[in-house]
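Visitor: Below is the structure I would like to discuss, written out as structure tokens.
Please treat every number below as a calculation from the coordinates, not as lab data. It should be emphasised that the depicted structure is a prediction, and the values quoted were computed from it without experimental measurement. Note: ideal-geometry Cβ built from the backbone for every residue, glycine included; neighbour counts use all protein chains shown.
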Amino acid sequence: MADIWRFGPVSDADFEPLLAIRIEVMREHLERVFRYKPSRARRIFRGHFGEPGLRLIMIGDETAGCVGFRVGQAEIKIDSFYLSRRYHNRGLGTEILKVLLAEADALGLPVELDVLRGSPADRFYEHHGFAVTGEVRLPRGPLLWLMTRPPSGPLRLLA
């Protein structure tokens, strides 16, 4: 059974704890493709941190992670979905993603994201209805899969 959780707003004070969670979760995958550098991790996360739509994931008073849910005109982008390792393999990520997908379905918008090819995240998202729609290679870096999930359910809007 998943833990009782909630979303919370982010503040500048959350940057360092969330960066530590990002590094905890991503380091081994980035080292595998020779892309881990603390300065790069900080710079990339700082860029995402400042964009509207980043949510804290809280369990009680503890910060368990974060997720970016960026609502655009034609799609929603999910990024920076990080949960502290102690919450992995407990159903929490699935529960959170289902809430986000229900929000997207209520808006009638597809959801887009990108994942490091070969990471556990690509299988996780495929299991939840995402399909690979493209790929991009980062400059001097790894291959990312671009993934999309169309809106579903009775609230789907017609164009």
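Visitor: So how far, in whole Å, is the C-alpha centre of segment 63-85 from the one of segment 90-134?
Guide: 10 Å
Visitor: So what is the relative contact order of segment 6-149, in percent, for Cα pairs below 8 Å that sit 6 or more residues apart? Intermediate values should be presented prior to the final figure.
Guide: Details: 192 pairs, mean separation 27.6, N = 144.
Computed value for segment 6-149: 19 percent relative contact order.
Visitor: Of all alpha-carbon pairs in segment 6-149, indicate the percentage at a distance above 22 angstrom. Mind dumping the intermediate values first?
Guide: Values: 3893 of 10296 pairs.
Summing the P(r) of segment 6-149 above 22 Å gives 38 percent of all pairs.
Visitor: Further question: Report the label-to-label distance for PHE15 and HIS128 in nanometres (one decimal), using points 7 Å from each Cα along the Cα→Cβ vector.
Guide: So the label points at PHE15 and HIS128 sit 2.7 nm apart.
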